[in-house]
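Q: So that we are looking at the same thing, I have put the structure below in structure tokens.
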Amino acid sequence: MAQTFEEISASDFFYRNRDIAGFTNPSRAIFVAIREIVENSLDAAESQKIPPEIFIRLSFESEATKDTQIYKLHVEDNGCGIPPRFIPSAFGQILYGSKYKLKQTRGTFGLGGKMSLLYGQVTTHQAATITSSTGDTNKIYQFKLMIDIQRNRPIIIDRKVLINKDGWRGTIVEFSLEGDYLRAMPKILEYFKQTAMVNPYANLTFVDPKGRLYKFTRVTTIMPEPPKETLPHPYGVDVELLQRLIAITECTNMTDFLRRHFHRVGEITAQKFLEFSGLTPSKNPKKLAHEEIVKLTQNLKKFKDFLPPDASCLSPLGEELLRAGITKELNPEYLVVHQRKPSTYGGHPFIVEMGIAYGGGVPKTGSFVIYRFANRIPLLYDEASDVSFRVIGSMNWRRYKVSPDMPIAIVVHLCSTKVPYKTVGKEFLADRAEIRREIANELREVARQLGHFLTRQEHVDREKKRISIFSKYLPRIAQFAAILAQRERIPDIEKLLKSVQKYGAEEE
Ligand SMILES: Nc1ncnc2c1ncn2[C@@H]1O[C@H](COP(=O)(O)OP(=O)(O)O)[C@@H](O)[C@H]1O
Ligand SMILES: [Mg+2]
């Protein structure tokens, strides 16, 4: 029999392979759905430098199977809102979004929010409701949507325009989905806690199906600078990208072309590079033959003198906010935070920031507690596959007087225009040599400082013990000495004790 061939849409692909996007089982699915919708809300508020105010409610609707239930998820934010003409596609068409730009965001695939809606649709057969206003007009738009999975297009079931009396700006996403909240609960709560840790300027309120209220309150309204869009760096360019740039460019010579479309390429660098790759500066880029484009791509990677990408397209938290976030959620006895200088892998800039917290509210589990973040997203699954886990595991901790049974939490945050996730489920970072090196260097830095603290601490403890021995035995020695020497008056030991104590106090 002859083979039959068919084409499927992007929606259809993810409908058939939802595990790829993290919707593996009812417990994981409800966690991922909440995470994706909340992340869209955080992106929407941060892009405008608005301190996020996010309200999440998960309510029970009905029993589904023996272990699973149907829930309604409601997420409301005070973000930028979405212009009505984009709402249907933004929520009803897979691989459609506003974040395919070269700058740091949480969303990267134009997928997450819609996958959650698609999952809700196939498990409950109900439409989603999206309500949004950009605050510029006095109107609020409300859409009832479903996804035409085979065609990868939104189906608008209903559309309403409401009057925006109070100048509200933001988005409300509501839909039903099947899930196992009881099993997912620990991860969901952990997700909020860690989100609060790396977004200390956000207010998060979560009402769970039992009506329990979890509130994470901001400790600051200072926010990191939003990232700026950047141009591709020469080291990260491939033939496809080069062809696209050539197709759209208005430049008529190679020097201008390189300067106009590539990150950190100026007149002089462009000239040097053209000489290096044997191209005449006046050549029209549109006249390049296919082989020349291939050659050019190879040379862009080989040329040593391109400046490294700058980090304005990134938005790390910064030491102050990282400190505020960790203190807020862990309240440790001692905390070091540090940020590395920007670095790159394959033409993508990245920054590693780290915190190491000791004692106080840090849970004592018998091993290091590792908090992993990428572009301010907590990564909660597959810890052992993550590059930071490996780096932490292979470090010689004894050198820093640190052992895993101490109450120690390590917070690793990687920001990049391209986070090297291993899956679209965004769970762990691939082991790229450049990133591993930066994490290792940063780890040594914070570990060294913690080591100093622990050494000092040990010293202080020893002193304290010494003083307590003195103050316990000195009075008795004085008393016995007086008896032995047949003196009536017991010598005053207070002075002696004080001098020892003073030394101890200074140490502390
Ligand atoms: N709460 C929101 N506020 C504003 N815009 C949003 C919100 N949620 C989603 N969007 C828009 O919808 C697009 C698609 O979202 P999503 O499917 O999660 O993909 P991604 O976040 O990867 O772009 C986003 O790029 C964004 O433009
Ligand atoms: Mg998203």
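The values are calculated or read from the model by the stated rules, or taken from the named source; none is laboratory data. Only a predicted model underlies this, so the values are computations on that prediction, with no experimental measurement involved. Cβ placement follows ideal geometry from the backbone for every residue including glycine, while neighbour counts extend to all protein chains displayed. Heads up: the accessible areas ignore ligands, DNA and RNA and are worked out on the full protein's heavy atoms, side chains in. Shrake-Rupley method; radii C 1.70, N 1.55, O 1.52, S 1.80 Å.
Q: For the peptides 222-231, 334-343, 40-49, what is the packing order when you average, over each peptide's residues, the other Cβ atoms within 10 Å and list the highest mean first?
A: Ranking the peptides 222-231, 334-343, 40-49 by packing returns 40-49, 334-343, 222-231.
Q: Roughly what % antiparallel, to the nearest 5, for the DSSP beta bridges in the chain?
A: Among the beta bridges of the chain, antiparallel pairing accounts for roughly 85 percent.
Q: Related question: Calculate the radius of gyration of the Cα atoms of the stretch 334-383 to one decimal place, then report Dmax, the largest Cα-Cα distance, as a whole number, both in Å.
A: Using the Cα atoms of the stretch 334-383, the pair Rg, Dmax is 13.6, 41 Å.
Q: Next question, about the same structure. Please sort 13-19, 247-253, 126-132 by packing, taking for each peptide the average over its residues of neighbouring beta carbons within 10 angstrom, highest first.
A: Averaged packing, sorted descending, gives the order 126-132, 13-19, 247-253.
Q: Right, here's the next one. Any chance you could list the semi-axes, whole Å, largest first, of the equivalent ellipsoid that the Cα gyration tensor gives for the stretch 319-448, using √(5λ)?
A: 23, 15, 15
Q: Would you mind getting the Kirkwood hydrodynamic radius of the stretch 180-275 from its Cα pairs, rounded to one decimal in Å?
A: Numbers: mean 1/r = 0.0555 Å⁻¹.
With all distinct Cα pairs of the stretch 180-275 included, I get 18.0 Å.
Q: Considering the Cα trace of the stretch 10-216, what is its radius of gyration and what is Dmax, both in angstroms?
A: In order Rg, Dmax, the Cα atoms of the stretch 10-216 give 16.1, 47 Å.
Q: Another one. Can you list, largest first and rounded to whole Å, the semi-axes you get for the stretch 96-143 by taking the square root of 5 times each eigenvalue of its Cα gyration tensor?
A: 22, 21, 6
Q: List, largest first, the extents of the alpha carbons of the stretch 234-302 along their principal axes, each in whole Å.
A: Rounded to whole Å, the extents work out to 25, 25, 21 Å.
Q: Pairwise over distinct Cα atoms, reciprocal of the mean inverse distance: report the Kirkwood radius of the stretch 141-194 in Å, one decimal place.
A: Radius from the Kirkwood sum: 14.9 Å.
Q: Can you tell me the 0 to 90 degree angle between the C-alpha axis of helix 494-507 and the longest principal axis of the chain, rounded to 10?
A: The angle comes out at about 20 degrees.
Q: Helix 433-484 versus the longest principal axis of the chain: what is the Cα-based angle in degrees, 0 to 90, to the nearest 10?
A: For 433-484 against the chain, the angle is about 20 degrees.
Q: If you don't mind, another one. Find the Rg to Rh ratio for the stretch 454-507, where Rh is the Kirkwood radius over alpha-carbon pairs and Rg uses the same atoms.
A: Ratio of gyration radius to Kirkwood radius: 1.14.
Q: Treating the beta-carbon of each Lys and Arg as +1 and of each Asp and Glu as -1, no other charges, what is the dipole magnitude of the stretch 10-216 about its Cα centre, to the nearest 20 debye? Working shown, then result.
A: Values: 28 positive and 21 negative charges, 68 e Å.
Rounded to the nearest 20 debye, it is 320 debye.
Q: So what does D166 come to for accessible area, using a 1.4 Å probe and Å² rounded to 10?
A: Near enough 140 Å² of accessible area.
Q: Give or take rounding to whole Å, what are the principal axis extents of the alpha carbon atoms in the stretch 390-508, in descending order?
A: Result for the stretch 390-508: principal-axis Cα extents of 85, 22, 22 Å.
Q: Calculate the length of the line joining the C-alpha centroid of the stretch 403-442 to that of the stretch 1-40, in whole Å.
A: The stretch 403-442 and the stretch 1-40 have Cα centres spaced 26 Å from each other.
Q: Additional query: Could you tell me the accessible area of D67 in Å² (1.4 Å probe, neighbours in place), rounded to the nearest ten?
A: Rounded to the nearest 10, that gives 90 Å².
Q: I would also like to ask the following. If you take the C-alpha gyration tensor of the chain, multiply each eigenvalue by 5 and take the square root, what semi-axes do you get, largest first, in whole Å?
A: With the √(5λ) rule applied to the chain, the semi-axes are 52, 34, 21 Å.
Q: Compute the long axis of helix 181-198 from its Cα atoms, compare it with the longest principal axis of the Cα atoms of the chain, and write down the angle in degrees, 0 to 90, nearest 10.
A: With rounding to tens, the tilt is 80 degrees.
Q: Using only the alpha-carbon atoms of the stretch 1-77, report the extent along each of the three principal axes, biggest first, to the nearest angstrom.
A: Cα extents, longest axis first: 62, 38, 15 Å.
Q: In whole percent, how big is the carbon plus sulfur part of the accessible area of the chain, probe 1.4 Å, protein atoms only?
A: Here carbon and sulfur together make up 51 percent of the probe-accessible area.
Q: Kindly rank 115-121, 296-302, 438-444 from highest to lowest mean number of other beta carbons found within 10 Å of each residue.
A: Answer by packing, highest mean first, reads 115-121, 438-444, 296-302.
Q: Which Cα, out of P209, F5, I130, lies furthest along the positive dipole direction of the chain (beta carbon charges, K/R +1, D/E -1)?
A: The Cα lying farthest towards the positive end belongs to P209.
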